[in-house]
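Enquirer: To start, I am sharing the structure in question, which I have written as structure tokens.
Rule-based calculations on the coordinates, nothing more; no lab input. Given the structure is predicted, the values throughout are model-derived calculations rather than measurements. Here the Cβ positions follow ideal geometry from the backbone for every residue, glycine too, while neighbour counts run over all protein chains shown.
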Amino acid sequence: MASAETERGAPFSLDSYYVSEELGFVLPDPLENLPPYYQPWMEIALRVPELVHSHDLRSHVNKMPLLSTDFLQSHRELRLAHLVLGMVTMGYVWQEGENDTVEMLPRNLAVPYWEVSLRLGLPSILTHADAALANWRKKDPEGPFDMDNLEVLVRLPGGDSVKGFFLVTLLVELAGVSAIRSIPAVINGVRCSDSEAVTKALENIGQSIQDMNDALKLMHVYVDPSVFYGVMRIFLSGWKDNPCMPKGLVYEGVQTEPVKFSGGSAAQSSLLHCFDELLGVKHEEKSRAFLTRMRNYMPPAHRKLIEDISLQPSLRGFVQQQANQGLSKAFDDCVSKLLALRSYHINVVSRFITVPAAKARQLRKNSHESEGEMVSRAPASLEERGTGGSGIMTFLKTVRDKTKDVLLHEASK
């Protein structure tokens, strides 16, 4: 067995991908504050919801000093700076909703944000890696990872629903940690034809995906659909494929031409990309193009892990060759759990986007804003699209159907 591994080089491991044993892709122990020099950023970032509400955020940002990014040293400092500047940027761009967007991000925000982004290898817009993976603290450091013991560091408008949305997303990521830890065992087991090791690792991954699905159900408990749709959603939107900002956004002092970035999307989670590459899910061209583009919104080391998993020998091919009933069952169970997660995600999106969008259209048609006032204020341009810019339901259903294609047994399909 050792010789087979030696032949193909060292065993596959997660060591060089900035993946934590305990937390997976989640940033361990995010900093809660930046060095004192950066207090002008922190002061505005911590007040984004109230400053947007009073329509004062833009004026505060315009008066902000232009700070050097040279004093940001550690990875965690850079991640907090990226989160803070991202939240301020989203508030600045969308302060007045879809009707009064800006064409330019002022230099004192744009230049440091661009520099921090370059150092991290991330785009200059709020990403899943910021808002979900690096935006948390435990109230009791020794206590559990649960909704009662977690708090966000910075938030967008939307009150408790914003906190709920980011923290439930964090819990979904944490539920996937066991799956990520099991991926090397699958790859190394395939390399040296160890069916038993692969079966056991696939069973772990299947259980972990089931746990992610259970965590996702908490969205219905902690997030109000009308607040998500009517208040929060625009602040997660980007300036690519968005009719409100067809040209994109100029980052003053960085470049003269507008830049287009997509808003936040579940497609920016490295977890699902890893599962697809491991299980051999082949998405159709349009979906694949969108998903591949979303990898540019992940930390580079996580993107590299996904690419490296894609270069490994085919797991599905190995399972078919082995003709081992236990192994085949473990593989199909794993795919079925991923399928169930994707189906449930469609259910969540329907409740939080499709249903409120229909209601908003109806209210606008009848032009009364009483009972659904919050919903009717939502941006009309996002009715059919995800904040990442995809035609949301078509995209999610296509992705789910392509997942079904990798099942081995017709009965499972």
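Enquirer: In what sequence do 60, 53, 82 fall when counting other Cβ within 10 Å, fewest first?
Expert: Ranked by crowding around the Cβ, least crowded first: 53, 60, 82.
Enquirer: Go ahead and run the numbers for FRET between residue 54 and residue 142, Cβ-Cβ distance against an R0 of 35 Å, rounding to 0.05.
Expert: The formula returns an efficiency of 0.35 here.
Enquirer: Add +1 for every Lys or Arg and -1 for every Asp or Glu among the other residues with Cβ under 13 Å from the Cβ of residue 293, and state the total.
Expert: +4
Enquirer: Calculate, for residue 301 and residue 214, the FRET efficiency according to 1/(1 + (r/R0)^6) with r their C-beta to C-beta distance and R0 35 Å; round to the nearest 0.05.
Expert: So, using R0 = 35 Å, E works out to roughly 0.80.
Enquirer: When the chain is fully extended, how far beyond the present Cα-Cα distance does residue 22 get from residue 37, taking 0.36 nm per residue of separation?
Expert: 2.2 nm
Enquirer: Label points 7 Å out from Cα along the Cβ direction at residue 15 and residue 289: separation in nm?
Expert: That separation, rounded to one decimal, is 4.1 nm.
Enquirer: With a length cut of 20 Å (Cα positions projected on each helix's long axis) and a Kyte-Doolittle mean of at least 0.0, go through the chain and give me the DSSP H helices that pass.
Expert: Qualifying helices, which must be both long enough and hydrophobic enough, are 75-94, 159-175, 177-191, 325-349.
Enquirer: Taking the Cα centre of segment 94-235 as the origin, how large is its charge dipole in debye, to the nearest 20, when only Lys and Arg (+1) and Asp and Glu (-1) carry charge on their Cβ atoms?
Expert: With only Lys, Arg, Asp and Glu charged at Cβ, the dipole is about 340 debye.
Enquirer: What length, rounded to one decimal in nm, is gained on full extension from residue 74 through to residue 99, with 0.36 nm per residue of separation minus their alpha-carbon distance?
Expert: Length gained between residue 74 and residue 99: 5.1 nm.
Enquirer: Okay, moving on. Considering only the other residues whose Cβ falls under 11 Å of the Cβ of residue 280, what net charge follows from Lys and Arg at +1 and Asp and Glu at -1?
Expert: The answer is 0.
Enquirer: Along the charge dipole of the chain, which of 221, 394, 90 sits closest to the positive end, that is, farthest toward it, with unit charges on the beta carbon of Lys, Arg, Asp and Glu (+1, +1, -1, -1)?
Expert: Sorting the options by dipole projection puts first 394.
Enquirer: Show that you can apply the helix-only estimate: for the chain, add -39,500 (n - 2.57) for every DSSP H stretch of four or more residues, divide by all residues, and state [θ] at 222 nm to the nearest 500.
Expert: -16000 deg cm²/dmol, from helical runs alone.
Enquirer: Also, I was wondering about something else. What value in Å³ per residue do you get for the convex hull of the alpha-carbon atoms in the chain?
Expert: 150 Å³
Enquirer: Please state, rounded to one decimal and in Å, the Kirkwood hydrodynamic radius that segment 44-158 gives when every pair of distinct Cα atoms enters the mean of 1/r.
Expert: Kirkwood hydrodynamic radius for segment 44-158: 15.0 Å.
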